[in-house]
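Before I ask anything, here is the structure I am working with.
The values are calculated or read from the model by the stated rules, or taken from the named source; none is laboratory data. Predicted model, so just to flag it, every value in this text is computed and none were measured. Please note: Cβ atoms are built from the backbone with ideal geometry, for glycine as well, and neighbour counts cover all protein chains shown. When the accessible area is computed, the model is the full protein with side chains, heavy atoms only, and any ligands, DNA or RNA have been set aside. Shrake-Rupley method; radii C 1.70, N 1.55, O 1.52, S 1.80 Å.
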Amino acid sequence: MSDLVVEALTLTLGGRCVLDGVSARFAAGKVTALLGPNGAGKSTLLACLAGLRDADGGHVLLGGQPRASLSRRALARRIGLLPQVADVHWDVDVATLVALGRYPHRVRWGETTADRAAVASAMAATDVAQFAHRPVSALSGGERARVLLARVLAGEPEWLLADEPLANLDPAHQHDALDCLRAAAHAGAGVVVVLHDLNHALRIADHVLLLGEGRVIAQGEPAGVLTPDLIRATYGVAVERVATASGQPVLVSTGRAAR
């Protein structure tokens, strides 16, 4: 597995600088949480990592190679993206949709035993196996979100990039989705996930990249980045850090910070 690196990434859209010299190293086998207020540049950075958008300046390197030097098929085999908005334009059944995650790996003679095993494993991990023969159009928003995560997991990518994967999920399935991301990292994949809930980041992240107005505010281990002072400065809210009975740190918001 190879690290994913961004060096001095800059991008201007509509006259606004959305990425301003962003540099970071994302480690294989680790979960990195991209955090920051709305408009901080999180989704744009993820799109640049995935190859969906080219920056105006700087570099994205995968294993020391420029990301742009990889073919689209090679990139699709190595990087799996779960976008924030993922419309499904075909009314196929769930098993067929999840199997599309294997497309970059498909050989000329069709589906292999490895393909079938990867699809079954992804559907089990996301608790959607019971929907296998149901049309995607018949699913709720939360069910569809889990199916789309399964499609990415089925591809067994080296890098799993997820943009707000917890949207539309109930609390139980939010935890299940986070466990899937943690398991992917444990298996060796690099995971970069955009989150809004800081406590979710505390729970699963090995590394945090905190963005504000397109710039890196701080990066490092969650405990060192998600401090009351940095949260106040970045989000404009006051928080207290407490510990649960099990010792898990939790951030409790006490409202907007005094101006």
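So how tilted is helix 171-186 from the main axis of the chain? Cα-based, degrees 0 to 90, rounded to 10.
Result, in degrees: 80.
Sorted by average packing, counted as other Cβ atoms within 10 angstrom per residue and highest first, what order do 29-39, 156-166 take?
156-166, 29-39
Let me ask something else. What's the angle, to the nearest 10 degrees (0 to 90), between helix 141-154's Cα axis and the longest principal axis of the chain?
70 degrees
Does the stretch 1-126 come out rounded, prolate or oblate by the C-alpha gyration tensor, with a ≥ b ≥ c the root eigenvalues, rounded set by a/c under 1.5 and, if not, prolate when a/b is larger than b/c and oblate if not?
prolate
Let me ask you something else. Ignoring ligands, DNA and RNA, what percent of the 1.4 Å accessible area of the stretch 117-250 is carbon and sulfur?
53 percent
Normalise the Debye intensity by I(0) for the chain, one equal point scatterer per Cα, no solvent, then take log10 at q = 0.12, 0.16 Å⁻¹ and round to two decimals.
Result of the Debye calculation: -0.73, -1.23.
To continue, here is another question. Beyond 12 Å, what share of the Cα-Cα pairs of the stretch 1-50 remains, rounded to the nearest whole percent?
So the portion of pairs separated by more than 12 Å is 67 percent.
At a 10 angstrom cut-off on C-beta neighbours, averaged per residue, how do the peptides 211-218, 136-143, 188-195, 230-237 rank from highest to lowest?
188-195, 211-218, 230-237, 136-143
Now for a separate question. Dividing the Cα radius of gyration by the Kirkwood radius, what Rg/Rh value follows for the stretch 131-249?
1.01
Output the relative contact order of the stretch 120-259, whole-number percent, from Cα pairs under 8 angstrom with separation of 6+ residues.
15 percent
Continuing with the same structure: Please report the net charge: other residues with Cβ closer than 15 Å to the Cβ of HIS59, K and R +1, D and E -1.
Here the charged neighbours net out to -1.
Let me ask another. When the distances between all Cα atoms of the stretch 193-259 are binned every 10 Å from zero, what whole-number percent does each bin get?
Result returned by the calculation: 20, 56, 23, 2.
Does the stretch 30-81 come out rounded, prolate or oblate, given a ≥ b ≥ c as the square roots of the eigenvalues of its C-alpha gyration tensor, rounded meaning a/c under 1.5 and, failing that, prolate meaning a/b above b/c?
Prolate is the answer for the stretch 30-81, as a/c is 1.5 or above and a/b outweighs b/c.
Relative contact order, percent, of the stretch 71-173 when contacts are C-alpha pairs under 8 Å separated by at least 6 residues?
Value for the stretch 71-173: 46 percent.
Work out, in µm²/s and without decimals, the Stokes-Einstein translational diffusion coefficient of the stretch 103-189 at 10 °C, 1.306 mPa s, Rh from Kirkwood over C-alpha pairs.
After rounding, the answer is 117 µm²/s.
Put +1 on the Cβ of every Lys and Arg and -1 on every Asp and Glu Cβ in the chain; which of GLY214, ALA55, VAL85 then has its Cα farthest towards the positive end of the dipole?
Of the candidates, ALA55 comes out farthest on the positive side.
Over the chain, what is the percentage of antiparallel beta bridges among all DSSP beta bridges, to the nearest 5?
Among the beta bridges of the chain, antiparallel pairing accounts for roughly 65 percent.
Quick check on the stretch 143-247: of the DSSP beta bridges with both residues there, what percent are antiparallel, nearest 5%?
50 percent
Rg (Å, one decimal) plus Dmax (Å, integer) for the alpha carbons of the stretch 48-184?
Considering the stretch 48-184 through its Cα atoms, Rg and Dmax are 15.3, 46 Å.
Okay, next question. Calculate the FRET efficiency for VAL252 and ASP170 from the Cβ-Cβ distance with a Förster distance of 22 Å, rounded to the nearest 0.05.
Taking R0 as 22 Å, the efficiency between VAL252 and ASP170 is 0.50.
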